[in-house]
Amino acid sequence: MLYFYIIYDSVFSRNYFSVNLTYVKLDEKAIGWIIREKKKGTPTKEITEIENVTPRRVIDYKRYRETGRIPELRNPGRPRKELSDGETEAIKEAYEEYRCNAIVLQIILRNPAIP
């Protein structure tokens, strides 16, 4: 029984199945390297392992062959919404009064009838 536990622990532990999912934003040098490697015929999987990017990112560079231009990366994420001074003050006051998270503060600020 102890033998089974040792095998079970080593096979089913978190570290055994963990995958490194930290991806990086590519610079122009890395993009150029990916394009050169794809021209040589290097498999996408090998490039993704070396550059630590998703396969979809490497496949996106096939557009280079169609257009002849290196694809430009857009700014990731949602665009920022600037808050006015009045909104900032209202948020600070509500937080000082209720001491709750952002979602609850949003509900409180949208519905003034809520105490």
Kindly indicate which of R65, R57, R69 is surrounded by 12 or more Cβ atoms within 10 Å (Cβ to Cβ), in the same structural domain as A30 (by TED's automatic domain parsing) and not aliphatic (A, V, I, L, M).
-> R57
Determine whether G86 is under 17 Å from L109 (Cα atoms) and not β-branched (V, I, T).
-> yes
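When only residues in region 72-89 that are modelled with pLDDT of 80 or more and among the polar types (S, T, N, Q) count, which is surrounded by the most Cβ atoms within 10 Å (Cβ to Cβ)?
Result: T88.
The values are calculated or read from the model by the stated rules, or taken from the named source; none is laboratory data. Fair warning: this is a prediction, and the values are worked out from it, not measured in the lab. Here the Cβ is made from the backbone with ideal geometry for all residues, glycine too, and neighbour counts use every protein chain on show.
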